[in-house]
């Protein structure tokens, strides 16, 4: 009985932590070398009901492989302990019951943050969270038998160890490269703010693009980026992070304030894999 209460307590504590992280986005700033990742705070944008749309977006490296990997693996890994803990409490849990319970839980997480308007409903997050839950459940259910099989088949065990070692080595090399990434200019955004103040750009009607027409025109806005058609006719995706400054003649704005047809000047800052990540977006008063 004491062991069962301990398992139940662990399950409840971990579930509370998941709500803290996934629903309320209560996450610290993550630093990897010179790179900083902010996954906390309220997120705005359109809901995604198309399966694998966001997953394919990240897998294609549209925001850089590092950011894509963190988003995909993070949504999977965070739910693995839950999938392992639930069958420890609910001993008669079957594959079908596990799939139903975990699906309902993952849908509830996305639904609550969308209802409270502190996050965006994304069906791909549900898919990734569910995969994490099922990996944990399968590990609980089948890992002992798999280990017995590996112990009896030395060649297969050796191959598994080799694969795991290779993955670990590549991960270590990847982290080392991140720490050796040149530091970005920490004063980039401050310089933009200073220029904005000097020109009194917050006064109504002031054209932040100084009559140049900007870098190009916005074609469409998504939850973390917008499509830009440059003056030379080239189209490209411009990604917005928590550090991006979006300025209009009226003052600061957010990505949700941007609209198709607006002309903007883009100031790009350092990114992880050469992607167009905006340090600042200046909205032209005259379109």
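The values are calculated or read from the model by the stated rules, or taken from the named source; none is laboratory data. Just so it is clear, the model here is predicted, and its values are computed rather than measured. Virtual Cβ from ideal backbone geometry, glycine too; neighbours counted across all protein chains shown.
General remarks:
- Close contacts from segment 40-57, counting a first residue that is part of a helix (DSSP H, G or I) and a second that is modelled with pLDDT under 90 and surrounded by 12 or more Cβ atoms within 10 Å (Cβ to Cβ), with Cβ to Cβ under 6 Å and a gap of 6+ residues or different chains, come to 54/48.
- For segment 239-257, residues that are touching a strand residue (DSSP E or B) at 6+ places or on another chain (Cβ under 8 Å) and farther than 24 Å from residue 25 by Cα total 3.
- Of the strands (runs of 3 or more DSSP E) lying entirely inside segment 219-264, those containing at least 3 residues that are free of Cβ contacts under 8 Å to residues at least 40 places away in the same chain are 225-230.
- Odd one out for residue 201 among (1) modelled with pLDDT under 85; (2) surrounded by fewer than 16 Cβ atoms within 10 Å (Cβ to Cβ): (2)
- Hey, residue 29 at pLDDT 65 or above and more than 17 Å from residue 114 (Cβ to Cβ) or not: no
- Of all the numbered requirements in (1) at pLDDT 85 or above; (2) surrounded by fewer than 18 Cβ atoms within 10 Å (Cβ to Cβ); (3) over 26 Å from the mean Cα position of the chain (by Cα); (4) on the phi < 0 side of the Ramachandran plot, residue 284 misses one, and that requirement is (2).
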